[in-house]
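*Asks:* This is the structure I have questions about; it appears just below.
The values are calculated or read from the model by the stated rules, or taken from the named source; none is laboratory data. Just so we're clear, the structure is a prediction, and the values are computed from it rather than from any experiment. Glycine gets a Cβ as well: all are built from the backbone with ideal geometry, and neighbour counts include every protein chain shown. What goes into the accessible areas is simple: the full protein's heavy atoms, side chains included, and nothing from ligands, DNA or RNA. Shrake-Rupley method; radii C 1.70, N 1.55, O 1.52, S 1.80 Å.
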Amino acid sequence: MKLEGKKAIWKDYQKEIADDKYFYVRSCIRQNFFPGSETAFIRILREELGKDIFEHPCHTTCTGIGYHGDIVPLDTMMTVVARQFALMTEAGYENLVPSCITSFGIYTEVLDTWHHFPEVEAKVRDYLIKATGREFKIPVNIAHASDITYKFRKEIAAKAKYKLVNKETGQPLKVVEHIGCHYSKMFPDKGVGGAEYPYVLVGMIEEWGGEVVDYPERRHCCGFGFRQYLVQANRGYSIACSHKKFESMEPYKPDMIITNCPGCPMFLDKWQYAIAEMEGKTYGENGHGIPVFTYEEVAGMVLGYNPWDLGLQTHQVSCETVLDKIGIPYNPDEKYNGINGIKLGVPEMPVNLKCC
Amino acid sequence: MNKKVVVIGGGIAGMESSAHLAALGYEVTLLEKTDKLGGHLLNWEKLFPTMRMGKEVVTFLNEGVEKGKVNVIYNAEILNTKEIMNGFSITLNNNIVLESDAILVTTGYDLFDASKKEEYGFGIYDNVITSAELEEKFMKGEKITTSDGKIPKRIGFVHCVGSRDEKVGNTYCSKVCCVTAVKQSIEIKEHLPETDVYCFYMDLRMYGMHFEALYRESQEKWGVNFVRGRLSEACENMDGSILVKVEDTLAGKPMKMSVDLLVLMVGFEPSLGTKKVGKILNLQFGVNRFFKTQDQHTLTNVSNVKGIFFAGSCTGPKTITNTITDARAAASTIANYLSGHDIHNRIMTSDIKATV
Amino acid sequence: MIEFGYNIAKDRQIDFDKNDKRISTYVRENEPSFKTCISCGTCTATCSAANFTDFNFRKLQLMVRRGETLEVKEEIKKCMLCGKCYLACPRGVNTRNVIIQINQAIEKIENHDI
Ligand code: SF4
Ligand code: SF4
Ligand code: SF4
């Protein structure tokens, strides 16, 4: 593998990322899947980087999952998106930062549609006024939250207490990265590094001390795929996608996986459990799985945040193997405490997938 | 006094047309940007479909240039041109000024830059090379090995790289690469009889005399395999071999296959010189960005500017045979023009006829 | 093991690296004309079996090349060995003998002879 070749491509796919005054829109699913991630992002931006990041209490889902699942019609989706823009305009912000990759894809797609079909934009403005009385300005900058984290990866590294390095061996951890399909597969020039060799997560991994694993099925979908997952009878396709990826990455013995899409960590994490229980196969060391993290969780980890504040206890594949390798301290007794300190009870452990 | 013709570009088209113009009695100056005549042919060892040496053709062409006492100017670059009484004045670098009654443009093609097909990993994966690089190995008598010096057990050839591809902006067929792949496959089998060769094609264009026979020989005598499908992507396996993904369209199933070496059959693009000279001389370009001839069937060597003519692959991909034929045709068209026939008027009459 | 109500979907991809190419090697050796097939489909167009079932000689020979052994074993049963295809083939592939050789190869594999 020639790194210079990748670098040449990375140079071609750089995008404008605003450097302050962000209007943050949360994901409708991430708060359930990985509840500490968005909070960690806001904390890092405010406390570590001193940025202005605003959340509007009235913002909603972008309807992306319904749209891609063929349930929400295009006009409805665009009108909901227009309403998010209106909230941003009213709050006096211009830089939109979605937490979800699918939302990022949706916003980008809507703006591209309006760019090519101004009459559609006019129609949606009309719908929005009729429905809510609101008006909006087009965002000056749209960057995914991973783009922002990427932009400040060096600042984060400068403040980091830990590196993605095995403290016993001194070797960098081997990290698989997976960008969500909607990050740059629809609009390659809207993603840092493009679609074939995306750089957004690679940049973070390199900066924070890890080593990126490039494996043959790197570009393959994580398996979310909306319709594949939403209907139970189709889930075999979803798990088959994740399965294909695990089989392909397995020989590289990755220490961890980092993702930036809500679906990817969810499926790459939970399907390891399902595969283990269906077929008895596990992909990590000694019957464990390969821990899967969001980039915010990893940023929080290197910054020395308490793993349980980051929500790592909600992962199916236990994260302790990685914490131990890096040497991040944690209190196992507090793993299943709620934020108010009350014990929530220990979940039932799987049969085949070893969890701590 | 003899009439003068300046030929721009010392590849095979420029050489053969110069020889013929000289034989017709004109005073010919041949401008070449490098310090050698022969163009791309200098980099090609054996030629399809006869496997004769490229050198022999260069020798033949050189003889014509020498016998005709063509004035060859090496390392020439055109700075500007002016129209003067019944002709042109051409200023070169090193301040040489040439006058001519007619100009023949033979500025040729460049090979497609394979790194633009990002998903094939040229310039990134060590075992992805181009057809030109493979030819260079044949030329230098180098061993055909993988990047780590092993004998490849399986080699893949990818047809149509940079040709017939909307995504890179080249929708035309480059015409020579199918049969070149067949030729190079046979050469691989000659060097490495134990190596399996797979050609991935969309259509096999064996239109030339004896091309079909070569194709058949590749199967019958050498056991070369053909898969009708175009690569969707290439990835690197852990051992450095290349995993290709393709639909075996005839089997009606997607397929993956590992090859130890992947050869990309790079197509033609208008050369940098073609673009530059076209601008200086105000020449029209066609839809494929090669020069536009005034008529597809009848005025194949005639440009939009009176007194300027074309030969060779500056008007589109051509085989060596076609280029040499075209060069001779251009010489005779110029002779026609210089003896007073108004070629542009001939367009007018045919146009009038057509409209009537 | 838990019943999830779904299974890991079967991969449709031809796994060329893992597939068994012994039939292909055997037929190539024993009926060399097999190598010159260009998948034009004339055989299938003329085939009586193909007119009424989804049997397809063109596809069958590809399945052989790709090592899709299970499919080959299933499909080859449908050929009636009439030899019409041999008459029609523009490359002169001895299609009938190809069928015979495939069957022999299957038998030999089962008997561990190849
Ligand atoms: S969750 Fe999977 S399918 Fe969805 S965008 Fe991410 S990678 Fe693609
Ligand atoms: S000659 Fe063959 S390989 Fe070349 S562009 Fe045409 S079809 Fe493709
Ligand atoms: S087969 Fe698929 S990739 Fe090829 S042209 Fe059709 S849609 Fe595009």
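*Asks:* Return the FRET efficiency for the residue pair A:Tyr330, A:Lys159: r is the Cβ-Cβ distance, R0 is 22 Å, and the value is rounded to the nearest 0.05.
*Replies:* Working: r = 20 Å, r/R0 = 0.90.
Approximately 0.65, to the nearest 0.05.
*Asks:* How do B:Tyr201, A:Tyr295 rank by accessible surface area computed with a 1.4 Å probe, from largest to smallest? All intermediate terms of the calculation are to be shown ahead of the outcome.
*Replies:* Working: B:Tyr201 25, A:Tyr295 0 Å².
In descending accessible area the options line up as B:Tyr201, A:Tyr295.
*Asks:* Further question: How are the alpha carbon pair distances in chain C distributed across 5 Å bins from zero to the largest one, expressed in percent?
*Replies:* All Cα pairs considered, the percentages come to 2, 11, 21, 22, 17, 10, 6, 4, 3, 2, 1, 0.
*Asks:* Can I ask one more? At a Förster radius of 41 Å, what calculated FRET efficiency corresponds to the Cβ-Cβ distance of B:Ile73 and B:Thr50, to the nearest 0.05?
*Replies:* On the way: r = 33 Å, r/R0 = 0.81.
The formula returns an efficiency of 0.80 here.
*Asks:* Would you check the accessible area of B:Thr91, probe 1.4 Å, heavy atoms only, in square angstrom rounded to 10?
*Replies:* Accessible surface of B:Thr91 is approximately 30 Å².
*Asks:* Would you tell me the mean number of C-beta atoms belonging to other protein chains that fall within 10 Å of each C-beta in B:117-124, as a whole number?
*Replies:* Per-residue shielding by partner chains comes out at 5.
*Asks:* Would you mind getting the Kirkwood hydrodynamic radius of chain A from its Cα pairs, rounded to one decimal in Å?
*Replies:* 21.0 Å
*Asks:* Could I get the Rg over Rh figure for segment B:271-354? Both from C-alpha atoms, Rh via Kirkwood, rounded to two places.
*Replies:* Radius of gyration relative to Kirkwood radius: 0.96.
*Asks:* Provide Rg over Rh for segment A:1-136; use the alpha carbon set for both Rg and the Kirkwood Rh (inverse mean inverse pair distance).
*Replies:* Taking Rh as the inverse mean 1/r over Cα pairs, Rg/Rh reads 1.02.
*Asks:* May I pose another question? Which helices, taking whole DSSP H runs in chain A, have alpha carbons extending 20 angstrom or more along the helix axis plus mean Kyte-Doolittle at least -0.5?
*Replies:* Values: long enough: A:74-91 (26 Å, 0.71); A:101-116 (22 Å, 0.06); A:118-132 (21 Å, -0.41); A:235-249 (21 Å, -0.64); A:263-279 (22 Å, -0.06).
What comes out of the filter, once short or polar helices are dropped, is A:74-91, A:101-116, A:118-132, A:263-279.
*Asks:* Based on C-alpha coordinates, I'd like the Rg and Dmax of segment A:146-334, in Å.
*Replies:* Radius of gyration, then largest Cα-Cα span, for segment A:146-334: 15.9, 48 Å.
*Asks:* Right, here's the next one. Dipole size in debye (nearest 20) for segment A:16-145 around its Cα centre, Lys and Arg Cβ +1, Asp and Glu Cβ -1?
*Replies:* 340 debye
*Asks:* What's the center-to-center distance, using Cα atoms, between segment B:116-159 and segment B:257-318 in Å?
*Replies:* Cα centroid to Cα centroid, the span is 27 Å.
*Asks:* What distance in nm lies between label points placed 7 Å from Cα along the C-beta direction at C:Glu74 and C:Leu87?
*Replies:* 3.2 nm
*Asks:* All other residues with a Cβ under 11 Å from the Cβ of B:Val277 taken together, and with Lys, Arg as +1 and Asp, Glu as -1, what is their net charge?
*Replies:* +3
*Asks:* Same structure again: Hey, rough spin-label estimate for A:Asn337 and B:Ser332, points 7 angstrom out along Cα→Cβ, what's it come to in nanometres?
*Replies:* Going from the A:Asn337 label point to the B:Ser332 one covers 9.6 nm.
*Asks:* Still on this structure, I have one more. In debye, nearest 20: dipole of the protein assembly as shown around its Cα centre with unit charges on the Cβ of K, R (+) and D, E (-)?
*Replies:* 1720 debye
*Asks:* Taking +1 at the Cβ of each Lys and Arg and -1 at the Cβ of each Asp and Glu, which of B:Phe291, B:Ala330, A:Thr76 sits farthest along the dipole of the protein assembly as shown towards its positive end, judged by Cα position relative to the Cα centre?
*Replies:* Final value for the positive-end residue is B:Ala330.
*Asks:* For chain B, go through all pairs of different Cα atoms, get the mean of 1/r, take its inverse, and jot down that Kirkwood value in Å.
*Replies:* In chain B this quantity evaluates to 21.7 Å.
*Asks:* Starting from the 7 Å offset along Cα-to-Cβ, what nm value, one decimal, do you get for the label separation of A:Lys123 and C:Asp20?
*Replies:* Each label point lies 7 Å from its Cα, and together they span 5.8 nm.
*Asks:* Say the dipole of chain A comes from +1 at the beta carbon of Lys and Arg and -1 at that of Asp and Glu; which of A:Val213, A:Gly36, A:Pro347 then lies farthest toward its positive end?
*Replies:* A:Val213
*Asks:* Given a Förster distance of 51 Å, report the FRET efficiency between B:Thr59 and A:Val231 from their Cβ-Cβ distance, rounded to the nearest 0.05.
*Replies:* Working: r = 70 Å, r/R0 = 1.37.
It comes out at approximately 0.15.
*Asks:* If the limit is 22 Å between Cα atoms, which of A:Lys244/B:Lys256; B:Lys33/B:Lys140; B:Lys183/B:Lys221; A:Lys6/A:Lys185; B:Lys55/B:Lys183; A:Lys281/C:Lys18 go over it?
*Replies:* B:Lys33/B:Lys140
*Asks:* So, one more: Write down the Å³ per residue value for the convex hull defined by the alpha carbon atoms of segment B:114-268.
*Replies:* Values: hull volume 17.1 nm³, N = 155.
Value for segment B:114-268: 110 Å³ per residue.
*Asks:* Separate question: Assuming 0.36 nm per residue, please report the length gained on full extension of the stretch B:Ile84 to B:Asn43 beyond their Cα-Cα distance.
*Replies:* 10.9 nm
*Asks:* Plugging the Kirkwood radius over Cα pairs into Stokes-Einstein for the protein assembly as shown, at a temperature of 20 °C and a viscosity of 1.002 mPa s, what D comes out in µm²/s?
*Replies:* In µm²/s, the coefficient rounds to 69.
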